[in-house]
Structures are given as structure tokens and as C-alpha cells.
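A short write-up of the structure that comes next.
The values are calculated or read from the model by the stated rules, or taken from the named source; none is laboratory data. Computed from a predicted model, the values in this text were never measured in an experiment. Here the Cβ positions follow ideal geometry from the backbone for every residue, glycine too, while neighbour counts run over all protein chains shown. Calculation scope for accessible area: heavy atoms of the full protein, side chains included, ligands and nucleic acids excluded. Shrake-Rupley method; radii C 1.70, N 1.55, O 1.52, S 1.80 Å.
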Amino acid sequence: MEQHLLSALVALLCVLPALAQPSRAAPTDLRRNIAEIMERLMSTDMAPPGISVAVIAGNRLVFSKGFGFADLEASIPATADTQFYIASTSKSFTALTGALLAARGAIDFDQSVAAALPRATWNSALAPSEITLRSLLTHTHGIAAVGPVDFRTAFTGDFTNPQLLDLLQYHGAARAERAFSYSNIGYNIFGMVLDGRFDQGWKDVIEREVFQPAGMRLTTAWISRAKRKNLAQPYEFRSGRMVRVPYGKFDVNMQAAGGHLSTANDLARYLIAQVNGGRIAGKQVFPKAVIAVTHQKQADQNRKYGSFQRFGWSLGWDLATYDGDVVLQRFGSFSGFDSHLSFMPERRIGIVVLSNGGGLGSLSSDLVATLLYDLVLQKPDLRIRTEANWAAFETSIASARSAMDKDLTTRRGRPQTTRHPLPAYAGTYESPALGTMVWSVVDGRLRARIGVAELEVEVYDGPRDQFRADLGGSGSIVTFNTSAGSTTPASLQFLGHAFAKLP
């Protein structure tokens, strides 16, 4: 951070107590301004049901507070200690764990995956002896993203560790070859390496290496360890309003690429360590050199994400710019949730935004982060910038809603008459790659389940025996196949894999 900005913030902060008392002691002016931004958002019909926010500057927590509801139906308010599912924000934890282990010599970033996973079955299109552990964490491994490993670990939870090693054979070469290509698969495989190397498994290793030293007491890879009243529930914007959707995460499908619950206060501690060379409240919790390594660019990228222009990838962080400042960021999204974690290393400020509104939630997170950076940095023409950002947000929301309405109209207009009565499609279908899918009729509608994942089903093209199955907020086409002269399907196609119907 520039010295005059740090001095000004210190003067504004006066004497803040320890990190344990966040928002009560935040300076009145800044607290009021942040609250006004949040209350303006929450008073509209464009906001997620609940949002938790934290702002750090230097080695202090400036502000943290929850707005709205963690659970609308139960009227449970969101707080700075509400646990949200944070999806791909987890990648920063996994990469930092790898860097800490590598620094101690517990793993070798230059080791090949062939050596690290000697029992794995690799696709013939890959050269596993040339793919290193480092490349797994930098998205330069060249392994195709879509396949049974990422599907089972992120959605169904239907796997064993030896089974995952065998299922790697279905992941061929990526179209981008060894160039940067963001996905989950590299982090999934790195989690498999940790599982094979350490008796505790990747969840315990990350907790030991990152969460315990940082004092992140409410950050966990186990849904079962969260108290129901402290767990944010998921919502999606549908048909003009936010509606509750199934909680799609369980202990078994929390994975190294996106598998943690966390809170605004816990993530604020994590950001304080990032901008202070591994120190929190005067204590060196992570080696300074390791934190520095995770911030170094490892690969190039060039893509726009909200208000940020991404130019590179380090270890677990996107490298981006915002209005001339470098920003390290790691966002996450999943059905019903959105998370934003970012910081400006030179300015030594950082932002946390967690919400329980999927889809449109990312637009709200981007707006909040942008407004808070402008506010803390006291950008010139702040009021003009603020209103311009609000206007852009409203336009984006309107456009997104229009697209949703158009999509819904299109879906409702498709041929709905199916070739067979709905019970004919019910049954158990099995794929060697993706597992076992059970179809049933519930309240006059088809439903599907695969592992712990429940899929909402609607007719896509009835005469062609095609259905749309929604998994994690994204629809995929399922095609049933019926043999000539038969009255029931014998198999189905889903995500490029064949499922045979069991007797």
C-alpha cells in the first residue's frame, strides 16, 4: 500500500482491538458508509437473501457484518460468522497447502504424476511422466477437465480412492494442450496425491496446514461439522424471485478443487496473512517466503471477469487488475452460492463477499467488491463512480433476468409429449464411468438421483425421448434409447457416457 494511504487508514482506524471484535470497533465513518452500500443493495429485489462482508486493511479487520438472511424460511439472519459454501475459493487453500509441504520437502512440486500416483491408469493421449505436481495447481497439466473424476468428486460423491485412480483413464488430453486452462481436474488429482501421501487425507492435511495455524475455526471441509442454525441455505433466482434449492453438498462431495465452508471473519484472517507475509495479529503463522511463492505468476491468462481483467495465475490465485491496481482473487460459485475473496498486495487491503444466491449472486458480489475498493481507496469522483457502478449493475441484472425469462419460455415451448408413459423411464441405469443413476416418478414428475446428487428433470424433446436434467444449477440433456418393439428404454446417454438399464 502507498505510505500516505496506509497512514490515512491507520488514522481513520485509530485503535482497533484484536481481530476477535471486528465490526463493533470499526471506525464510525467507514462502518456507516459500508453499511449504507449494503443496505441499499439489500433493499432491492436484485440481492441474494443473505450476504456476509469483510474488509481488511494492513494488519487489521476494518469491518465485518452479515446482511439479510442465512435462512429465509427460518428467519435466521446472516452474520459475519455464518458458514457459506465457498466452492472454488478452496483452490487457494489447496495450493497454499502444497506450497507449505513443498517448502518442507514433504512433497516435490517437480515430481511427475506418474511417480506420485503409480497405481493410476492414465489415458493413452497423455504423457503422465511429463506432467508435474506444480502443473496440476497451475492449470497447465493438459488433462481434459470433463470426466468421471471431477463429476464424482464434485457432485455425486460416489467413489473410492482406488476407483478414482482407475477412472483417470477417461480423462484425455485437453484442447488447450499444456497452455493455461482453468478447471477442477488438476486440483482433484492433487487431492488424490495428498490422499495417497498422507494417512489423514487431503481434508485433514489442509486443516492442519492452513486453518489451524490461521485460527480459522469455522472453516471446514465437513458439512456434518456445521451447526444447522449457522449454515447458509442455498437460493436461486427463478421466475422473478429467489427460491430455495436443494443443498447440493455433503461430506462425500466436498473436493480439493471446491470443498469448504467458511465465514467472512475466517476469510478476513486469511487475507490478513496474505497481505502481511504470513503474519496474523503479530504472529508468523505461515512462512513469509511461502506466501510470496503463492503470489508469483505461474501462467498467463487473458480474460475479463466482472470488473476485473485477469492476466495471470499464481498458485491458487487469479492475478488481475482493477483500475490500475493488481488484485489477487479467488472466486467460487455453485448452485445457491457465490463467494468473492480478493486483495491488493501493494495497497494491503482485501475484500470478502459471501452470498447464498447463486446465478445472479456473482453480479452482487462484483458490485459490492468494486464499491468497497473504491470507498476504501477514496477514489476521485467517488460518488460519480459509485452511481455508474450501480447503473451498470442494474443493467446487468436486467439483462440476466431477460435471458432467464427467454430461456424459460423456450423450454416451455418444446414438445412435451413423451414416447412412453413416465413410469416407463423409471429404473436403475449404470455407467462404468459415472456410476449408478436411479430414475423414479414423484408427484407425477420424473426425478433422477446419482450418488448424493438429486437432479431436477423436465422434458426437453418428448418425441426424441430427451429430458433436461439440472445438476448443480446447470442443465444437461439425457437421451433415452428404446429398442425396436420394446415399450421401455434399455439405456440412456448422459454427459457423453452410456448407462445401461439394470434388470
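Here is how the number arises for the chain: DSSP H runs of 4 or more residues each give -39500 (n - 2.57), the sum is divided by the residue count, and the result at 222 nm is -9000 deg cm²/dmol.
Using a probe radius of 1.4 angstrom, the carbon and sulfur fraction of the accessible surface of the stretch 312-382 is 48%. Label-to-label distance, ASN161 versus ASP199, with points set 7 angstrom from Cα along the beta-carbon direction: 1.2 nm.
Rounded to the nearest 20 debye, the dipole magnitude of the chain is 480 debye, with +1 charges on Lys and Arg beta carbons, -1 on Asp and Glu beta carbons, and the Cα centre as origin. What FRET efficiency comes out for the pair VAL326/ALA391, r = Cβ-Cβ distance, R0 = 22 Å, nearest 0.05? Calculated transfer efficiency: 0.25. The accessible area of TYR247, taken with all protein chains in place and a 1.4 Å probe, comes to roughly 40 Å². In the chain, the ratio of gyration radius to Kirkwood radius, Rg to Rh, stands at 0.98 when only Cα atoms are counted.
The mean sequence separation of alpha-carbon pairs under 8 Å and at least six residues apart, normalised by the residue count of the chain, gives a relative contact order of 16 percent.
Can you compute the FRET efficiency between THR428 and GLN284 using 1/(1 + (r/R0)^6), with r the Cβ-Cβ distance and R0 = 56 Å? Round to the nearest 0.05.
0.55
Using only C-alpha atoms and all pairs of different ones, pull out the Kirkwood radius for the stretch 147-215 in Å with one decimal. This gives a value of 13.4 Å.
Using R₀ = 45 Å, calculate the FRET efficiency as 1/(1 + (r/R₀)^6) where r is the Cβ-Cβ separation of THR482 and ASP45; round to 0.05. Plugging the Cβ-Cβ distance into 1/(1 + (r/R0)^6) gives 0.50. Simple spin-label estimate for ASP300 and THR417 gives 5.7 nm between the two label positions (7 Å along the Cα-to-Cβ direction from each Cα).
What the stretch 43-182 shows is 36 Å² of accessible area per residue, with the surface traced by a 1.4 Å probe over protein heavy atoms. Largest accessible area first, the listed residues LEU408, LEU315 line up as LEU408, LEU315 when surface is computed with a 1.4 Å probe on the assembled protein chains. Give the separation of the Cα centroids, the stretch 217-244 to the stretch 371-393, in Å. The stretch 217-244 and the stretch 371-393 have Cα centres spaced 30 Å from each other. Accessible area per residue for the stretch 237-396, computed on protein heavy atoms with a 1.4 Å probe, is 34 Å².
For the stretch 397-503, the relative contact order comes to 22 percent (Cα pairs under 8 Å, sequence separation of at least 6). In the stretch 99-118, whose amide N lies under 20 Å from the spot 7 Å out along Cα-to-Cβ of SER129? List them in ranges. Only 108-118 fall inside the zone, counting backbone N under 20 Å.
Determine which lysines satisfy two conditions relative to LYS203: a Cα distance under 17 Å, and not lying fewer than 8 residues away in the same chain. Filter leaves LYS91, LYS249.
Residue separation of ARG32 and SER399 scaled by 0.36 nm, minus their Cα-Cα distance, works out to 129.0 nm of gained length.
Within the assembled protein chains, the solvent-accessible surface assigned to ARG414 is about 60 Å², based on a 1.4 Å probe.
Quick one: length gained pulling ARG104 to SER491 fully straight, 0.36 nm per residue minus the C-alpha distance?
Gain in length upon complete extension: 134.2 nm.
Annotation: amide H-H contacts under 5 Å for PHE494 (H modelled 1.01 Å from N, sequence separation of 5 or more, or interchain): PHE499. If the segment from ARG208 to GLU177 were pulled out straight at 0.36 nm per residue, it would be longer than the present Cα-Cα gap by 7.7 nm. Counting only whole DSSP H helices of the chain, the ones at least 30 Å long by C-alpha along their axis and with mean Kyte-Doolittle hydropathy no lower than -1.0 are 382-412.
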